[in-house]
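J.: Dumping the structure here so I can ask a few things about it.
The values are calculated or read from the model by the stated rules, or taken from the named source; none is laboratory data. This one's a predicted model, so the numbers in the text were calculated from it and none came from an experiment. We place every Cβ from the backbone using ideal geometry, glycine too, and count neighbours over all the protein chains shown. Accessible surface areas use protein heavy atoms only, side chains included; no ligands, DNA or RNA. Shrake-Rupley method; radii C 1.70, N 1.55, O 1.52, S 1.80 Å.
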Amino acid sequence: MNIYCIFFFFFKQKTAYEMLRSLVGSEMCIRDRYQRRVRGATSPAMRLAQSCLLLLTAACVLAATTPMQTQNYYVPMRVEPDEFSTTLDHLDKLMQFAKDNKMSQNTQMWIRTASQKVRETLVNVDKEQAEERASKEIEEKKKKENPGPTAFTVVAGHSPDFTQQIGVKRLKGRGASQSRVKKYVADKLPGLLKAGKVDLSKPFIVSAGEAAVSDLQHKFTALKLLENKQARVRYLSPVKAKEKRSFDKQAEPGQPELEYQFITTEKYLVNCFNLRAKPDFRRMGGTQTEHCEMALPVSMVDPNMTDFQLRPTASLAGFAALEKQRAAFAGRAKQLEHLVPEGMSLESSLRQEASNQFVFGPSGSGEQLRTETESFVDGLVHGKKRWFLMSPEHFNRLRKEAQEVLEPASAFIFFEQQLEELIEDYDLGSEIPYFDVNQLPGDVIYIPGGMIMTSLSYQDSFSYKQKVITQEGGLGAIINSKFWDPQSGEVPRGFKYAVCRDLSVAAAGQQLGVQVHPQQAGMIEQVFGQFFPGIEQKNLMIIQILAECAPALNAGITGTYCLSLIHI
């Protein structure tokens, strides 16, 4: 009896086949319907070859005893992540072996399919990895282009790094319950200013007024301030700060500049921002930090920003044109230090008169109610502030009626203890108007010259402050007011011209066309001796005048007293 073995192989790809993205393992199942398993193979490719030979043998036996039937086989193959290249190499060799030995097309198709699936897996993995790398590159690029907000400080947590985490815990409360200050939209304000439709005698705020706030946040942090080894902070101790608080703006005779210490940024951060402070010695915002609001001239922090302007109010920033030359003059002033009182840093003193400054302080910091002669804008970069403002006439009325409550105190004490009582018992807000507003990062607030004001930092804060020009006569008039301003009544600031030219107050008034009452002139001249007890104090004042006039003359500013001052 002749036996004929006819083989029909139908290879079907299992639908559950998958190549895992992580390459933890890939499996192609090739098993018979009777769940027979082949054991003892030493590698994926060898296991495949042995499975094939066993299946052929089993088929021959079946053909000899029973009628042949079509069978579907699923041969299992599992490939570990580190075996893909080896398995592919074995499959290629197996394919070559099948061709050399003229194996059936079905056998070669099965080997070819297995090789193709392994190659597809490798290609897909490479593609996914390339897409993942491209996605990360795009994300990194987006972060660089728009890095998002960055905090000025990082308050130490449960496991702090006291050399890196600097800051004071924020104050409780949300500040002003409602805004009492007019708000403007940033892109509309320049046009309104140009058209003269903005009342510059009152404060206003521009919400999200500085578009570059995100860039500024990344550029200026407490740690980067710590890296500045050249800058010196004009610092007053808590005791001195408390002693100097007064509603009387008249300067005291003597050498008030020498009461300040010019300390490094590192020492300032230790004193006020808990740098390297252990848990039991960390300052809390409020009475422990109320004296810590300080300012640094922009030229000391970033010389490239000396002419930077806050965009919504750029049309008012006439001082910006002088700042580079003012900074250059201050940089050369060290050569003149032997002419001024001993122990004074002349360069630091001159830079303090810059028209633009960075103002910063921890949570709870802020000085007393006070006034500044010149108008300014303040753009908040980090933190949160609350501003309180009043016109001088309304403040004088409140001071007269509430003198038992309204005492010179820090911003923290004013907002925490005095303000509520003033509102409830002295008609503040109902009969006596005031301005009250919160300032957030990106907000730009405008403060008119002469306005009574104070601000409290609810979080560690950092802002850019810039003097602006709003009065008639422009920049020339403002420069003149620093040398001769009898109406202010401030001594010696309002009468420096007379001291510099070695004239009597009356003679200086006649020369400048501004008459001074003889009795007032006599009293002022008697006080001069207390402010200028020696030649060094007078030299300091003359150098300060030169620091104002040299940039103005170089910039071609007209209408100033500078030519008269230097023409001896």
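J.: At 1.4 Å probe size, with the rest of the protein present, what percent of the exposed accessible area of the range 524-568 is carbon and sulfur atoms?
T.: 57
J.: With just the Cα atoms defining each centre, how far is the range 437-467 from the range 189-246? Give it in Å.
T.: With the range 437-467 and the range 189-246 each reduced to a Cα centre, they are spaced 6 Å.
J.: Another question about this same structure. How many Lys pairs in the range 264-419 lie less than 25 angstrom apart by Cα atoms, where the lysines are 8 or more positions apart or on different chains?
T.: Step by step, the pairs that qualify in the range 264-419 add up to 5.
J.: Testing the spin-label approximation: label points 7 Å from Cα along Cα→Cβ at ARG78 and ALA211. State their distance in nm.
T.: So the two model labels end up 6.1 nm from each other.
J.: Place the peptides 519-532, 425-438, 362-375, 301-314 in order of packing, highest mean first, counting for every residue the other Cβ atoms within 10 Å and averaging per peptide.
T.: Order by mean packing, descending: 362-375, 301-314, 425-438, 519-532.
J.: In whole angstrom, how far apart do the alpha carbon centroids of the range 478-501 and the range 263-281 sit?
T.: Between the Cα centre of the range 478-501 and that of the range 263-281, the gap is 39 Å.
J.: Under a cut-off of 16 Å between alpha-carbon atoms, report the lysines in cross-link reach of LYS197, not counting same-chain residues fewer than 8 places apart.
T.: Straight-distance partners of LYS197: LYS182, LYS183, LYS188.
J.: Residues of the range 416-470: accessible area per residue at 1.4 Å, in Å²?
T.: That works out to 32 Å² per residue.
J.: Taking 0.36 nm per residue of separation and subtracting the Cα-Cα distance, what length does fully extending LYS188 through GLU393 add?
T.: The LYS188-GLU393 span can extend by a further 70.7 nm.
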